[in-house]
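The next block holds one structure in the form of structure tokens; read it before the comments.
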Amino acid sequence: MTTETTTGTGKYQRLLERCANLEPVPTAVAHPCEKTALEGAIEASQHGLIAPILVGPAMKIEKTAKLLGISLGSVQIIDTPNSQASAAKP
């Protein structure tokens, strides 16, 4: 006998299913230099929701990715010096 454990209402799974046939939306992510910001952008990309454009200090983003074991692959990074410049980048 197998039991499957589910949590929550399933609304996020339903949302992912509804978006499955849509093209990923190009999305700028400002200053993703900490764990949750970078993981969130990459996870959304893996689900096909967004095509992330990471805007922030490239070396810091790459270092964070390496520490977390995240492959950035072909994710676009726009190098900026700090969080203020990241948020202001057009």
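No lab work stands behind these numbers, since they all come straight from the coordinates. If you're wondering where the values come from, they're calculated on a predicted model, not measured in any experiment. A quick note on method: Cβ atoms are made from the backbone with ideal geometry, for glycine too, and the neighbour counts reach across all protein chains shown.
What to note about this one:
- Here's the picture: charge each Lys and Arg Cβ at +1 and each Asp and Glu Cβ at -1 in the chain, and of Ile70, Leu22, Thr80 the one pushed furthest to the positive end of that dipole is Thr80.
- Built amide H within the under 5 Å cut-off of His31, gap 5+: Val55, Gly56
- A straight Cα-to-Cα reach below 22 Å connects Lys89 with the lysines Lys35, Lys60, Lys63, residues fewer than 8 places away in its own chain not being considered.
- For Ala51, residues with placed amide H under 5 Å, excluding near neighbours: Val25, Thr27
- Region 31-90: trypsin sites (Lys or Arg not before Pro) falling in loop per DSSP and having at most 16 other Cβ within 10 Å: none
- Environment charge of Cys19, counting only residues whose C-beta is closer than 14 Å and scoring Lys/Arg +1, Asp/Glu -1: 0
- Principal axis dimensions, region 1-87 - Cα atoms, whole angstrom, descending: 53, 28, 22
- Electrostatic dipole magnitude of region 23-88 [Cβ: Lys, Arg +1; Asp, Glu -1; Cα centre; debye, to 20]: 200
- Proportion of all alpha-carbon pairs of region 38-87 beyond 16 Å (%): 36
- GNM flexibility winner over the chain from Ala20, Ala30, Ala51 (Cα, springs under 10 Å): Ala20
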